[in-house]
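Here's the structure, in structure tokens; my notes come after.
The values are calculated or read from the model by the stated rules, or taken from the named source; none is laboratory data. Just so it is clear, the structure is predicted and the values come from calculations on it, not from any experiment. Every residue, glycine as well, gets a Cβ built from its backbone with ideal geometry; the counts of neighbours run over all protein chains shown. The area values use the complete protein model at the heavy-atom level, side chains included, leaving out ligands, DNA and RNA. Shrake-Rupley method; radii C 1.70, N 1.55, O 1.52, S 1.80 Å.
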Amino acid sequence: MSGRQRVVLAVLALCFVALIAVCGFALATDGGAPAPGGVAVQGSAASRAAEDDAATSEDAPAEGDEPAATPSGEDDSPSSDASDRSDDPAGSGASGQSSSNGGDRDTSDSSSSHGGSSGASQGESQQKTVTVSVSIDSSAADGSVSGSGTFTFKEGATPYDALCALRSDVISSSTAMGIYVEGIGGLFENDSRYPGVSGWKYMVNGQVVMQSAGSYELSDGDHVTWYYTVTG
């Protein structure tokens, strides 16, 4: 190869090297060039940074919407507790219902007890009365003593109680056998005007009762007849 050809090849080689250097410089300059807005943008990293900035600006609270700061030294746990309670309606409702039910049970038991006692007392009061009628017959003597009436007594009333309710002029005495009626309205036993043994006896519903007038217990609707006998 001649000397001229070597010179030409050397020049061409230098030109290629220079061209490669210029291209590399141009590429490096384009990658770091500032964007039209004056902000340096470099590949995909710059794009992601721009998207993050946009997201941050959207999430930021607007002016005036900033929540009030918690006063110094105060614990915000009551708020969280209230939130917890509001988020758990089932639990709080069950507790209130149980307490309410417990109160209803106590109240209903107490009311039932008082009502039952009151009803029983009224029922007993109504059952502890008897209504009886009583009459006096002295036709076997002079017929001077008479009368009749209907009276209501407490349960346990006797023929003697009925007689005293009808007449206030009853003379009686207490004996080993019980109450003994000696005279009614001035008419007494063993009256000298009548022969034999005379005195007062009583019947209940037409039947002679051989029991003290103060111990025989009357029933509701009974009729008592006090009569004077001259034959014993």
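Among the protein heavy atoms, those of E155 account for about 110 Å² of accessible surface (1.4 Å probe, every chain in place).
Kindly sort M177, M203 by accessible area of their heavy atoms, largest first, with the probe set to 1.4 Å.
Final ranking, largest accessible area leading: M177, M203.
Between T131 and T231, the modelled labels are 3.6 nm apart [label points 7 Å from Cα along Cα→Cβ].
Model label sites at S148 and E182, defined 7 Å from Cα along the beta-carbon direction, differ in position by 3.1 nm.
If you count, for each residue, the other Cβ atoms within 10 Å and average over each peptide, how do 190-197, 147-154 line up from highest to lowest?
Going from most to least packed, we get 147-154, 190-197.
So if R0 is 30 Å, what FRET efficiency would A140 and D220 give, r being the distance between their Cβ atoms, rounded to the nearest 0.05? The computed FRET efficiency comes out at 0.50.
Amide H contacts of D137: W226, Y227, Y228, each under 5 Å away and 5 or more positions distant or on a separate chain (H built 1.01 Å from N in the peptide plane; Pro and chain starts excluded).
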